[in-house]
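S.K.: Here it is, the structure, as structure tokens.
The values are calculated or read from the model by the stated rules, or taken from the named source; none is laboratory data. Quick caveat, the model's predicted, so the values are computed rather than measured. Here the Cβ positions follow ideal geometry from the backbone for every residue, glycine too, while neighbour counts run over all protein chains shown.
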Amino acid sequence: MTRDLRLAFSHPEDRAAASALRDVPRDRISLRDYVREAEIGAFQEERGVTQRLRFNVVVEVGRPEAPLADDVDRILSYDTLAEAVELSLAEERLSLLETLAERIAERLLAEPRARRVFLRIEKLDRGPFALGVEIERARAMSPPAEAPADEFARPLVVLLSNAAIADARLPGWLDALEALHLPVVLTVGLPKAPVPQAGAAMPQRRIDLLALEQNAWVLAARDRRCLVVESRTEITHAIHAGRIVVWAPSKIVLDSLDGPDVAPGDAEGLAAWFAGVLGAERLIGLGAAPEGGESLPLADRLALGEGAR
């Protein structure tokens, strides 16, 4: 028990050595006490601020099949460990250290020579102590590679005005959009009802985003085909299931490291930003004029031919 407790708080290098496979000796490379600042955390007080994270990484590697010949291209470089951390931090804002650890380990195990990863991440600014997680992952423990999550046709992003949402012809317009045989992602603007005013920028941004989501639910209630989603994963699953997606923007906007340079009330600008995020095939406004997109009037038959303006 004493030995187990000591190892539980020891450096990942010691953990790796203690659990080494004696019948298959492996080399190890490590990244020790790598400190980065990032915005991360599930609590509201952790949003909008950065905190220090400390990374300790050990990677077990297989023996080289040929002599190294002092050639850096034949080894798993130390820089690869730091790059895995940096790339994972740059993807999006995360709430959990556990998610960040999984992504770093997944990247490292994608390296041909990597066999097992020991990873510890600690928050250094949450008090007079370090809070963290530690994981161990091996190739055999990693799930089989799946097809890329975004492997579907580039979507059609459609901004609906409030008049379009309320129009009795909405089901027919959705029929016409589906007939284009592209994934359909609907976006909305602020509702007609007055939005509460907070008098401060950050709370107002959250209030406006929530108002957009309320309007998304109003749209979803108009047609059962519409599914309100808030994350990239949900969008992917809904599209694969053949559903029409209605975007609830709070999570993606707030978690984006390169968020939109427009206010939530700017429905046209927000739709254009999201179309760029998704790599949309087309951006259309029904009763609206999204930036850089096509603007269609509310008519019995929508002019949805290629390049319609």
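S.K.: Just checking, does region 239-247 include any residue being touching a strand residue (DSSP E or B) at 6+ places or on another chain (Cβ under 6 Å), in a helix (DSSP H, G or I), of a type in the set (A, V, I, L, M) and closer than 27 Å to GLY172 by Cβ? I'd like the intermediate steps shown before the answer.
M.R.: Going residue by residue through region 239-247, those that are touching a strand residue (DSSP E or B) at 6+ places or on another chain (Cβ under 6 Å) are 243-247.
Then drop every residue that is not in a helix (DSSP H, G or I), which leaves none.
Among the residues of region 239-247, not one is touching a strand residue (DSSP E or B) at 6+ places or on another chain (Cβ under 6 Å), in a helix (DSSP H, G or I), of a type in the set (A, V, I, L, M) and closer than 27 Å to GLY172 by Cβ, which makes the answer no.
S.K.: Give the residues of region 275-285 that are touching a strand residue (DSSP E or B) at 6+ places or on another chain (Cβ under 6 Å) and in a helix (DSSP H, G or I), sorted by residue number.
M.R.: Passing the criteria: only ALA275.
S.K.: Let me ask something additional. Can you tell me which of (1) in a loop (DSSP other than H, G, I, E, B); (2) touching a helix residue (DSSP H, G or I) at 6+ places or on another chain (Cβ under 8 Å); (3) of a type outside the set (Lys, Arg) is the one ASP258 doesn't meet?
M.R.: Tallying (1) in a loop (DSSP other than H, G, I, E, B); (2) touching a helix residue (DSSP H, G or I) at 6+ places or on another chain (Cβ under 8 Å); (3) of a type outside the set (Lys, Arg), ASP258 fails exactly one: (2).
S.K.: Looking at region 89-143 only, could you name the residues that are under 23 Å from GLU39 (Cβ atoms), of a type in the set (D, E, K, R) and either without any contact (Cβ under 8 Å) to a residue 24 or more places away in the chain or not in a strand (DSSP E or B) (or both)?
M.R.: Within region 89-143, GLU91, GLU92, ARG93, GLU98, GLU102, ARG103, GLU106, ARG107, ASP125, ARG126 meet the criteria.
S.K.: Something else now. Please specify each residue of region 38-47 satisfying the condition of being in a helix (DSSP H, G or I) and modelled with pLDDT of 85 or more. Working first, answer last.
M.R.: Here is the first cut: in region 38-47, the residues in a helix (DSSP H, G or I) are 44-46.
Across region 38-47, the qualifying residue is only GLU46.
S.K.: Can I ask one more? So which residues in region 248-273 are surrounded by 23 or more Cβ atoms within 10 Å (Cβ to Cβ), of a type in the set (A, V, I, L, M, F, W, C) and in contact (Cβ under 8 Å) with a residue 60 or more places away in the chain?
M.R.: ALA267, LEU270, ALA271
S.K.: Can you tell me which residue among ALA149, ALA153, ALA138, ALA179 is touching a Ser or Thr at 6+ places or on another chain (Cβ under 7 Å), within 28 Å of THR236 (Cα to Cα) and modelled with pLDDT under 95?
M.R.: Details: ALA153 fails: touching a Ser or Thr at 6+ places or on another chain (Cβ under 7 Å); ALA138 fails: touching a Ser or Thr at 6+ places or on another chain (Cβ under 7 Å); ALA179 fails: touching a Ser or Thr at 6+ places or on another chain (Cβ under 7 Å).
Residue meeting the stated conditions: ALA149.
S.K.: Among the numbered criteria (1) modelled with pLDDT under 90; (2) in contact with a Ser or Thr (Cβ under 8 Å, 6 or more places away or on another chain), which one does ALA238 miss?
M.R.: Answer for ALA238: the failing condition is (2).
S.K.: Could you tell me which of the residues LEU160, LEU177, LEU170 is buried (at least 21 other Cβ atoms within 10 Å of the Cβ) and touching a residue at least 12 places away in the same chain (Cβ under 8 Å)?
M.R.: Values: LEU177 fails: buried (at least 21 other Cβ atoms within 10 Å of the Cβ); LEU170 fails: buried (at least 21 other Cβ atoms within 10 Å of the Cβ).
The match here is LEU160.
S.K.: For region 201-226, give me each residue that is surrounded by fewer than 18 Cβ atoms within 10 Å (Cβ to Cβ) and not in a helix (DSSP H, G or I).
M.R.: ASP223, ARG224, ARG225
S.K.: Another question, then. If you go through region 48-84 one residue at a time, how many are closer than 27 Å to VAL253 by Cβ, modelled with pLDDT of 95 or more and either crowded, with 19+ Cβ neighbours inside 10 Å or in the same structural domain as SER256 (by TED's automatic domain parsing) (or both)?
M.R.: 1
S.K.: Further question on the same structure: Does any residue of region 184-197 turn out to be in a loop (DSSP other than H, G, I, E, B), closer than 23 Å to GLU294 by Cβ, at pLDDT 90 or above and not basic (Lys, Arg)? Give the derivation first.
M.R.: Taking region 184-197 and keeping what is in a loop (DSSP other than H, G, I, E, B), we get 189-197.
When the remaining residues are screened for being closer than 23 Å to GLU294 by Cβ, the result is 189-190.
Retained after the next criterion (residues that are at pLDDT 90 or above): 189-190.
Checking the rest, the ones that are also not basic (Lys, Arg) come to 189-190.
Yes, the conditions are met somewhere in region 184-197.
S.K.: How many residues are over 20 Å from GLU46 (Cβ atoms), over 21 Å from the mean Cα position of the chain (by Cα), crowded, with 18+ Cβ neighbours inside 10 Å and basic (Lys, Arg) if we restrict to region 85-144?
M.R.: Looking only at that region, the number is 4.
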